[in-house]
Amino acid sequence: MAPIQEEGLGTIFSHGAPIWVPTVEVQPQNGLLKKKGLANDTPKWTSAKVERVEKSTSQEEEQDEKFLQQQNSKTVLFGKVDSELCYLQNEHDVDVDDLVKSDFLHEPGVLQTLRARYESDEMYTFSSNILIAINPHKRMPHLTTPDVQIGYHNTILGEHPPHVYAIAEQAFSVMLNDGQKQAILISGESGAGKTESAKMVMQYLAKRAQPASVYQDKFKRQSSFTEIAPIEEQVLESNPLLEAFGNAKTMRNNNSSRFGKFVEMRFDDFGHVCGAQISVFLLERSRVVQVSKGERSYHIFYQLCKGATDEQRSKYHLKSVEEFRYLNQSDTSELGDRDDVEEFKLCLNAMRTIGMSTGEQDSVFRIVAAILHLGNITFMGSDEAEFSGSEAEESAQNCADLLKIPVQQLKTALTKRNLKNTAGIIVTPLKVPAAEESRDALAKTIYSRLFDWLVSAIKEKISFFRDTKSATSDRTIGILDIYGFESFEKNSFEQLCINLANEKLQQQFNHHVLEGEQQQYIAEGISWSYVDFVDNQDCLDLLEGGGKNKAKGIFPLIDEACKMPNVTYQNLANSLRTQLAGLERFEAPKKDPNAFTVDHYAGEVTYQTNQLMDKNRDYVASEHQALMMASNDVLLVSLFEESDDQNSDSNSENSSSNANVRNARNGNQSSFKLSSVGFQFRKQLTELANKLNQCQPHYIRCIKPNKFSKSGLLVPEFILGQLHALGILVAVRIACAGYPTRRDIVQFGQKYFMLVQEQFKNIDPRCMNQEVARKVCESVLEQSNLNGWQMGFTKVFLRTGQLAVLEGERGRVLNKFARKIQAAWRGKYVRDQFVRIKAAIIVIQSCYRGHLGRVVAQKILEEPAALIIQNVWKAHKVRKFVKTIRAVIVMQKFSRRYEAVKEQKKHKSAVLLQRWFRRVQSRRNLRKVIAAAIIQKWFRGYQIRKETKYIFAARKIQKSIRAYLLRSGYYTNKLFVKNNQGARIAKIARKLRSMSRESAQMVKEAALMVQVQNEGQVQKMQDMFKQLLGASDVGETIIAPKPENIPNMSKYVDRNFSINRQQPKMTRMISRRFTSTVGDADGVRAAVGVGAGAGVGDGALRFRKSNLLAAPESFVLIRRLRFIQVLFAALIKQMKNMSSIWILC
């Protein structure tokens, strides 16, 4: 059965059209999905295509439905879906850098455009004049280079791709040309990149505006500091200082700003920076004393503990982070991507840049360290609070030293309270919970006032509004970095204040967007009436009171509860539920009786009342005030100097508060000086709103792509909630309520000319002018049966959905033309294909026949050519081989010649060295022998002369003894004995004579064995021996000289000379024979053998004393022979390196 198509529905949703289909039940409102609250489920959209469109057959309610097919699948069907919940898809989402330029403005279209640009690293997207900045969670240096900054100079919005610099340039150009105040409002939730975007805007403006030297010189002369940086540099350097004292790590962001900031930069007529001013809003004071797990307190505490020098650590009594109670409540002390030590150096540099003196820096760090020590003070006791031990005492002492106050006064201020009445002063001790609350209140008060003083100090250093002309100038640009809409599982006072600020900014945003729409409509001559939109004034009345709300608002009721005694958070919840029960935006949850719900512009948020009053109180106990005023630190005293005007302003909200102030002045003084945080914040918001109303606003909406702060991940559902909270979808809805589709007349006529081309056959759409285009546009719109459109001077304005109808008609015409074009093209393609194939076949056949002929001819020519080539190649190889052999032979010849010459040179050198070495050695040995002989000669002469004296004396004694014996007849009695001795001596002499012949023969044989290298030296030695022994030739018999000429050798008689077994055999034989022949005194012949190297004491003779006594003549001969032997041994001992010499005597 063919589907039944309705005329209007079929023109919008054609077959195959890409659309978005929701996967949860939603209700459309004004072209967008209106969500009841942020806590509800966010719809998920799926891409699909239209399968067919038919009319519903339901009896209860008739509705248009269509069959859809998923785009990424060919089999999965969605079934029937209500057509009112589906939206056509946009084309080319990446190329669309402005959401207003999209064909269709709806939630899925906006999400798809943002996702497509994010995936292509396009972080910025325009929505008219609003910039949407998605945090990439990674560094993208190519977006912040100096060339990129210069590229946006003197450009209009939309001329270049979307960027923060484009918004800054637009504000600067309008400010400089029109002289109108500008404001750049940056908002978004924590971790969306607000702070970084504000830095980029300030950096661009500082570089865009050249510094005015005249103002700088005046500021230096008026300042008490000697080293002052330029004003734009001071403005930029104030960021690290404010981040250190006002930023902290949260679950969503490692560098979350816990305060709002409005920086106003003032320029002169030439665009030079001449001053700046900073205002801050709502510092989160509770983070000083209470930190949740996974988060950190303010950065300055960790920077001081980790980055302080040893001198500072000793001076401020610093410990590790884990030892301070205010910091160790969380298990997180590191930032991961940030170094606290380096950040502390940047903080110190920022203090020096803005001109803070060394004394001021020291006072600031003293106060910060004192707050840490104050947190380590603990209490105990049941009735009265007392310090819990030595650690608490030590911490109190350190805190008192740093604050320069008496320690006992500090203890009293923390544990006691003074109440004043008409009777006098009553001192009341505090219990432990009250003492802890008093300690924490003092810490929060000190830190918040220190932060305010830092902001004032920065403002004083960078402000230069003293010049009358500059002060009245409207050339200012304000940069608002404020928190975005917040909604958590548990919401408290901070979320209530933040959402109030966003409600005020959203109201201002709505009015500005509508005003911009009105100006554009008036410029185009469009008849336009007021566009109805959701105004949030009733929500502001609910929060602040007044207006249509006759009852008090939430903030006034909280202030009133804070001023009443003994009011609990349950009483506050009951009061809110009772007095605000009938208001539209207020709801009372049934499950939680101590909570209330407010319907904000971005959704419903439920708040708990258990800490609203505590966080709203900004009181200072009189004891704390007196304690701080008693300090010797000038900076600390200045923090607690209050004026009466401030106190009166903080309590002049209504008549009851004024009455309380009058009663306090009359004498009923309270122990607390109450100053409502909510009232101060609302007052600041009012001042900010007044400033923004005087400025032309520019909006930067920062979006966090996912809750995990992970790069490359974009969660559409998470993005959609932020689009609601930031009011971007509200702006789109306002645009949809008027004429959201705006197209240039000429471009519109050229695009849709095909719908009415039959009426304008003679017109070329490519050369269409303004008048013809207007006629074409009117004809197209009238033929499409569309109502409510208007024609401006240069643009066509269409209502929501009208462009979709035109696109449907254009799609059908294009399909019709496409089918005709396809049919004609297919026919022509087939004909052309046949012609090309036929021609190709002919060419292929021709080429193949030619190829066969060439192959045959080639074979005929290849055989003789191959033989010639082979011959030439072989000859070439042989010649090459012969050349190689010849070259090798030549190389071998030269190599051998070189080696031979080298060896000959080595041999000659060795022979020459040996010859000279032997000559030197011979000369050296000869000199030694001669020198030894001379020395021995003179020494033995001396010994002989010395012993001769004893011989003469012995002879005289013997002579005397013999004479005596003769006279006494001794010889007569011993004659027989004497005759026997004479016979024995004669026997010995005969043996010697017989031996002399044998000895002479042996000596001659030994002389033949002498090896002499130098004949001259041997002859010289023989001459010397002849001279000494008195012999004519070697080997002849030596005649013994007279006994009186022989020196006394008696000392040698008793020596026992043994033959050396290593001497030659001949020497030992001569010795034995000589010994056996001793005793013949007549004709003694002896042979003495001396070996080379023999020393004194070596010899071949062995004597016995009995033989010597029996033959005195033998004794004389023996002594002479011994003398000669000793002499020869001494001489030969010096000749160690010469050959053996045998001398025959």
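Checked against (1) assigned to a loop (DSSP other than H, G, I, E, B); (2) of a type outside the set (Phe, Trp, Tyr); (3) more than 21 Å from Arg449 (Cβ to Cβ), Ile377 passes all but a single condition, namely (3). Among the residues making up segment 544-587, those that are out of contact with any Phe, Trp or Tyr (no Cβ under 6 Å at 6 or more places or on another chain) and of a type in the set (A, V, I, L, M) are Ala551, Ile554, Leu557, Ile558, Ala561, Met564, Val567, Leu572, Ala573, Ala581, Leu583.
Considering (1) assigned to a helix (DSSP H, G or I); (2) touching an Asp or Glu at 6+ places or on another chain (Cβ under 7 Å); (3) not β-branched (Val, Ile, Thr), the lone condition that Phe793 does not fulfil carries the number (1).
Of the residues making up segment 558-593, those that are of a type in the set (Ser, Thr, Tyr) and surrounded by 13 or more Cβ atoms within 10 Å (Cβ to Cβ) are Thr568, Tyr569, Ser575. Among what's in segment 79-112 and is in a loop (DSSP other than H, G, I, E, B) and of a type in the set (D, E, K, R), pick the residue that is modelled with the highest pLDDT. My answer is Asp97. Kindly evaluate Gln397 against the criterion of being at pLDDT 90 or above, within 25 Å of Ala276 (Cβ to Cβ) and either touching a Pro at 6+ places or on another chain (Cβ under 7 Å) or not aliphatic (A, V, I, L, M) (or both). Taking the combined requirement at face value, the residue does not satisfy it.
Yes or no, residue by residue, for (1) more than 28 Å from the chain's Cα centre (by Cα); (2) within 30 Å of Gly294 (Cα to Cα); (3) not basic (Lys, Arg):
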site: Phe324; (1), (2), (3): yes, yes, yes
site: Ser330; (1), (2), (3): no, yes, yes
site: Ser357; (1), (2), (3): yes, no, yes
site: Ile405; (1), (2), (3): yes, no, yes
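Across segment 569-611, the number of residues qualifying as under 30 Å from Glu437 (Cα atoms), in contact with a Leu (Cβ under 6 Å, 6 or more places away or on another chain), part of a strand (DSSP E or B) and free of Cβ contacts under 8 Å to residues at least 60 places away in the same chain comes to 1. Exactly one condition in (1) surrounded by fewer than 17 Cβ atoms within 10 Å (Cβ to Cβ); (2) in a helix (DSSP H, G or I); (3) at pLDDT 90 or above is false for Asp614; which is it? Just one mismatch for Asp614, condition (3). Taken as a whole, segment 396-403 holds no residue that is surrounded by 15 or more Cβ atoms within 10 Å (Cβ to Cβ) and farther than 23 Å from Leu636 by Cα. Being farther than 20 Å from Gly188 by Cβ, over 27 Å from the mean Cα position of the chain (by Cα), of a type in the set (Val, Ile, Thr) and in a helix (DSSP H, G or I) is the filter here; which residues of segment 146-173 pass it? Result: Ile150, single match. Given Ala413, Ala370, which one is crowded, with 22+ Cβ neighbours inside 10 Å and farther than 26 Å from Gln312 by Cα? When all the criteria are applied, what remains is Ala413. Of the residues in segment 401-416, none is in a helix (DSSP H, G or I), basic (Lys, Arg), modelled with pLDDT of 85 or more and under 30 Å from Lys194 (Cα atoms). Note on segment 631-644: among residues that are of a type outside the set (Asp, Glu), crowded, with 16+ Cβ neighbours inside 10 Å and part of a loop (DSSP other than H, G, I, E, B), the one that is modelled with the lowest pLDDT is Phe640. In this structure, does Gln770 turn out to be among the polar types (S, T, N, Q), over 22 Å from Glu91 (Cβ atoms) and modelled with pLDDT of 85 or more? For Gln770, the condition - among the polar types (S, T, N, Q), over 22 Å from Glu91 (Cβ atoms) and modelled with pLDDT of 85 or more - is not met. Out of the residues in segment 113-145 that are assigned to a helix (DSSP H, G or I) and out of contact with any helix residue (DSSP H, G or I) (no Cβ under 8 Å at 6 or more places or on another chain), state the one that is nearest to Val201 (Cα to Cα). The selected residue is Leu143.
The values are calculated or read from the model by the stated rules, or taken from the named source; none is laboratory data. Nothing here was measured: the structure is a model prediction, and the numbers come from that model. Don't worry about glycine lacking a Cβ; one is built from the backbone with ideal geometry, like all the others, and counts go over all protein chains shown.
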